[in-house]
Amino acid sequence: MKEIFYKDLKINPFTLIGDEWMLITAGNQDKYNTMTASWGQMGALWSHGGGSPVVTIYVRPQRYTKEFVDSNKYFTLTFFSKEYKKDLAYLGSHSGRNEDKILKTNLHPIFENDYTYFKEAKLVLICEKVYAQDILEENFINKDIVSEHYQKKDFHTMYIGLIKKVLINEN
């Protein structure tokens, strides 16, 4: 994988996150977990001259990965080509609490410093967690969102991550 400057990244975040999905991974070689996600944002925030590059992810309280995002300084967002969609579907529908779900996929973790990503990735964003906030029911202006997406009242925690490194696969 090759590191590039974040402003050199040429992507459409709407299709990359919403259609192609991503893995949110936190932890290291000793213990980590990953989950599939299709909600999130990319943008600029908290800096003069255009802002620092950030991502925003959302994790429900019952997801095992939340424990890892909460207890680690870094998380990664990993994006794949279409050939890995079945693997992402599996990882999004099975819990790492119950099995080593990575073994049932065609993915291979890479451990660097205090974070984990996957060899087969086309794009990796290594993010430092800088903000976390639980989504609160009383803050919804459009209450239809609550009835449509939160019937169980299992509101996501929102995490903002400062993008520290961008890796692309040149293969």
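Largest GNM mean-square fluctuation across Leu45, Leu103, Leu91, computed for the chain with C-alpha springs under 10 Å, falls on Leu103. Taking 0.692 mPa s as the viscosity and 37 °C as the temperature, the Stokes-Einstein diffusion coefficient of the range 45-129 based on its alpha-carbon Kirkwood radius rounds to 227 µm²/s.
Average 1/r across all pairs of distinct alpha carbons in the range 88-171, invert it, and you get the Kirkwood radius: 16.0 Å. Loop-located trypsin sites (Lys or Arg not before Pro) in the range 1-109 (DSSP state other than H, G, I, E, B) with a sparse environment of at most 16 neighbouring Cβ atoms within 10 Å: Lys10, Lys31, Lys73, Arg97.
Across the protein chains, with a 1.4 Å probe defining accessible surface, the residues Glu67, Glu128, Glu137 rank Glu67, Glu137, Glu128 from largest area downward.
All Cα-Cα separations within the range 74-114 were binned at 5 Å from zero, giving a P(r) of 5, 18, 29, 27, 17, 4, each value a whole percent of the pairs. Candidate cross-link partners of Lys119 among the lysines, defined by an alpha-carbon separation under 20 Å and a same-chain spacing of 8 or more, comprise Lys2, Lys31, Lys82, Lys85, Lys86, Lys101, Lys104, Lys164, Lys165. Taking chymotrypsin sites (Phe, Trp or Tyr not before Pro) as exposed when DSSP calls them loop and at most 12 other C-beta atoms lie within 10 angstrom, the chain has its longest site-free stretch at 47-171. A 1.4 Å probe run over the range 18-164, with the rest of the protein chains in place, finds 53 Å² accessible per residue. Rank Tyr115, Ile102, Pro53 by how far each Cα sits towards the positive end of the charge dipole of the chain (+1 on Lys, Arg Cβ; -1 on Asp, Glu Cβ) and give me just the farthest. It is Ile102.
Rg then Dmax, both in Å and based on the Cα atoms of the range 5-160: 15.6, 46. Largest GNM mean-square fluctuation among Val54, Val124, Val146, using the chain with Cα springs under 10 Å: Val146.
The values are calculated or read from the model by the stated rules, or taken from the named source; none is laboratory data. What you see is a predicted model, and the numbers here were worked out from it, not measured in a lab. In this analysis, Cβ positions are derived from the backbone assuming ideal geometry, glycine residues included, and neighbour counts consider all displayed protein chains. Heavy atoms of the whole protein, side chains included, go into the accessibility calculation; ligands, DNA and RNA do not. Shrake-Rupley method; radii C 1.70, N 1.55, O 1.52, S 1.80 Å.
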